[in-house]
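Right, one structure below, let's go through it.
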Amino acid sequence: MTAGQVESSGRGTAGLRSRSFIALLVTQGFGSLNDNIFRWFCVLQGMKIESMKASTMSLGLICFTIPYLLLASHSAYVSDRFSKQKTIVACKFAEIVIMAIAVGAMALGAVDEMLGIYLVFAAVFLMGSQSAMFGPAKFGSIPEIVRSENISSANGLMQMVTTAASALGMFAGFVVSAMADLSTSDPTLGGLMWPAAVLISIATLGMLASLFIEPLTSADPELKPPNPLIETVANLRLLFDNRPLFRAALGEAFFWFLASLATSAITLMGVDVLGLSQIKTGMLAIALVLGVGTGSVLAGMMSGGKVELGLVPLGGAVVALGALALFWFTADVDPTDPATQVAAVWPAAGSLVVLGLGAGFFIVPLVAFLQDRSQRKTRGRILAAANFISFSMIIVSAVAFYAVTEGLLDWGAPTIFLATGIGTIPILIYVLWLLPQASVRMVIWLLSRVVYRVKVFGRENIPEQGGALIVANHISYMDGFLLLTSSSRPIRFVAHADHVNRFGIAGLTRLMGVIPIRSTDGPKAIVSSLREARAAVEDGELVCIFPEGQVTRSGHVEQFHRGMMRIVDGLDAPIVPIYLDELWGSIFSHERGRVLWKMPRRWPYPVSIHVGEPQECPEQVEEVREWVLELGRKAVESRTADNEKTDTP
């Protein structure tokens with residue numbers, strides 16, 4: 001099976017080094033580079049006209065963004081109805097044509113300056129239209145090219161390439177603008193040739209790169225052409241009906257609102273606050289994009305082969321920190337005092353890197369979640385609806401930027417970043433409330449890199465959708481927390497009530513949906529807890545139980561209580577066996593007869609989590625225990641083989 005082929009389920013089978021994925025990255029890189037060169041070239045040319053200086057930045061952003069709203073339904077239709085690879089190639093060919101039209105518009109600027117500017121902005125609108133059609137095909141092709149466990153890393157690389165190309169494109173736009181002029185006073189052929197050669201050459205290279213993406217099959221060949229209004233509403237309703245995907249789309253929209261506002265504010269800050277030239281202001285913008293690119297790659301690496309939503313609150317916190325730091329370093333700068341301006345440049349650049357780093361943490365898991373959790377037949381429509389919301393917020397940011405800078409508020413760039421930092425805080429609080437388990441999982445992940453070295457084997461055996469009962473051996477008091485790192489889906493634990501209701505963690509365990517159970521509460525209370533667990537599985541949730549009933553005192557897997565069978569008996573939901581290995585001997589185990597009061601044997605402590613294949617509910621609980629024991633035997637064999645390889649000279 002080639003890199004461009006997909007399984008019958010629509011899942012990709014290739015890795016991150018496949019020809020198709022690398023070609024997609026290169027195609028996206030050239031596209032993002034050209035978009036930003038062209039848009040910033042047009043904006044900066046417009047700013048040279050005194051009557052358009054205040055509005056040209058918002059005008060450029062709006063012209064580029066409106067097509068995303070007008071073509072939302074058509075981009076979804078094309079992405080699902082036709083091969084995404086063919087759609088990408090067609091869009092890249094259209095980019096060459098649009099750049100040729102833009103060059104013609106620039107040439108007319110030598111005859112009529114205002115006419116040339118308006119025609120160039122019309123070309124910006126066409127470029128936005130091309131990008132709108134390209135977006136769902138680009139993002140929708142990722143899960144059809146790469147394996148499921150590589151989706152987060154693929155999105156991290158995609159975001160890194162996009163942001164790096166955006167930074168280079170923004171800087172190049174400043175440079176090309178300085179070398180060319182649409183003015184009628186002294187037009188030169190050489191001045192026009194620079195933007196013409198750059199824009200058309202990059203568009204051509206992007207089209208050639210797209211030809212190396214291997215063929216992809218159509219997701220829904222029978223899909224009918226949409227009515228734009230009806231289809232857009234239907235797409236939005238489809239997204240809204242899936243609340244987790246809808247919330248992820250809102251998070252993505254917040255990111256783009258923030259990114260657009262920050263990019264516009266950087267131009268204002270560089271020129272008006274720090275007294276930088278246009279080219280040096282472009283260099284300052286690179287600091288933001290460098291942070292986003294670095295954060296995106298780190299997010300892909302930290303996801304550990306799964307979609308890690310726990311990075312979202314971490315990203316929100318870092319964004320707020322970076323924005324507030326930027327205000328702190330630039331608020332007292334005196335535009336008439338070069339000494340204060342020079343002193344603030346490097347701290348401002350560092351703050352922009354931090355802000356971008358948080359933005360990368362924030363956006364990558366949200367985009368990966370939208371791709372991974374949407375059905376293949378509706379993925380294009382889901383992504384188009386998400387794009388509609390995101391680009392609506394970009395237009396809102398353009399209007400907001402104009403309102404706060406040219407309206408009654410008369411805000412400067414530092415105040416905009418202060419508002420950004422403060423505005424991120426309620427978003428952060430909401431995310432923490434909405435994703436308590438993912439947030440805890442992220443904290444555990446960070447701690448595990450200090451205290452533990454966790455490896456997960458068979459992660460793909462945890463169902464991506466639908467209810468299931470996870471059954472694991474219980475060897476330490478950290479087992480539940482460590483299991484959280486094995487799945488990107490929330491897991492509801494059946495846990496001893498005495499541990500769950502302890503002072504200080506009772507509120508957290510309620511937020512995480514822990515189901516308390518205690519044998520001394522009597523049969524009715526036990527049955528009630530098991531019924532709650534069963535209802536959760538029926539509702540499509542993952543439930544985990546430690547059927548030994550307590551942490552082992554011997555290091556061996558004890559007998560399983562039959563009560564766990566009531567959770568899935570008669571349901572069309574699998575049992576997923578898990579064996580936790582190497583934890584016996586950790587300070588949270590009963591090894592040597594005591595917990596905590598012993599020195600760890602290694603630091604960081606190695607832990608392996610082995611996930612078995614989903615199984616149908618058997619007649620006897622002993623069969624479930626045997627599944628777990630079999631995983632344990634394989635874990636020991638694997639560990640022994642690894643040790644022998646290490647010991648071999």
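The values are calculated or read from the model by the stated rules, or taken from the named source; none is laboratory data. This structure is a prediction, so every number in the text was calculated from the model and none was measured. Cβ placement follows ideal geometry from the backbone for every residue including glycine, while neighbour counts extend to all protein chains displayed. The accessibility values were calculated without ligands, DNA or RNA, using every heavy atom of the protein model including side chains. Shrake-Rupley method; radii C 1.70, N 1.55, O 1.52, S 1.80 Å.
Some values worked out for this structure:
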| item | result |
| --- | --- |
| Surface accessible to a 1.4 Å probe, Leu115 within the full protein complex, Å² | 80 |
| Heavy atoms of Arg147 accessible to a 1.4 Å probe, total area in Å² rounded to 10 | 90 |
| DSSP beta bridges in the chain [antiparallel fraction, %, rounded to 5] | 20 |
| Separation of alpha-carbon centers, the range 156-176 and the range 396-419, rounded to whole Å | 24 |
| Ordering of 632-640, 234-242 by burial proxy (mean other Cβ atoms within 10 Å per residue, highest first) | 234-242, 632-640 |
| Euclidean distance of C-alpha centroids, the range 215-252 and the range 538-573, integer Å | 38 |
| Sequence of Trp328, Trp433 when ordered by accessible area, the most exposed leading, probe 1.4 angstrom | Trp328, Trp433 |
| Sequence-distant residues sharing a close amide H with Phe457 (under 5 Å, placed H) | Ile609, His610, Val611 |
| Residue-level accessible surface for Leu571, protein heavy atoms, 1.4 Å, Å² | 40 |
| Of the DSSP H helices in the chain, those whose Cα atoms cover at least 30 Å axially and whose Kyte score averages -1.0 or more | 19-47, 84-108, 113-145, 151-179, 189-210, 243-268, 278-302, 338-373, 379-406, 413-434 |
| Peptide ranges 353-366, 123-136 listed from the most packed, as the mean C-beta count within 10 angstrom indicates | 353-366, 123-136 |
| Pairs beyond 19 Å (Cα-Cα), from Lys92/Lys377; Lys84/Lys377; Lys92/Lys224; Lys455/Lys634 | Lys92/Lys377; Lys92/Lys224 |
| Largest to smallest accessible area among Val161, Val319 [probe 1.4 Å] | Val161, Val319 |
| Semi-axis lengths, Å, the chain, gyration tensor of Cα atoms, sqrt of 5 times eigenvalues | 51, 28, 22 |
| Other-chain or far-sequence residues with amide H under 5 Å of Cys617's (modelled H) | Ile575 |
| Sequence-distant residues sharing a close amide H with Tyr452 (under 5 Å, placed H) | Tyr605 |
| ³J(HN,Hα), Karplus 6.51/-1.76/1.60, whole Hz, each residue of the range 558-570, x for Gly, Pro | 7, 5, 8, 7, 5, x, 4, 5, 5, 5, 10, 4, x |
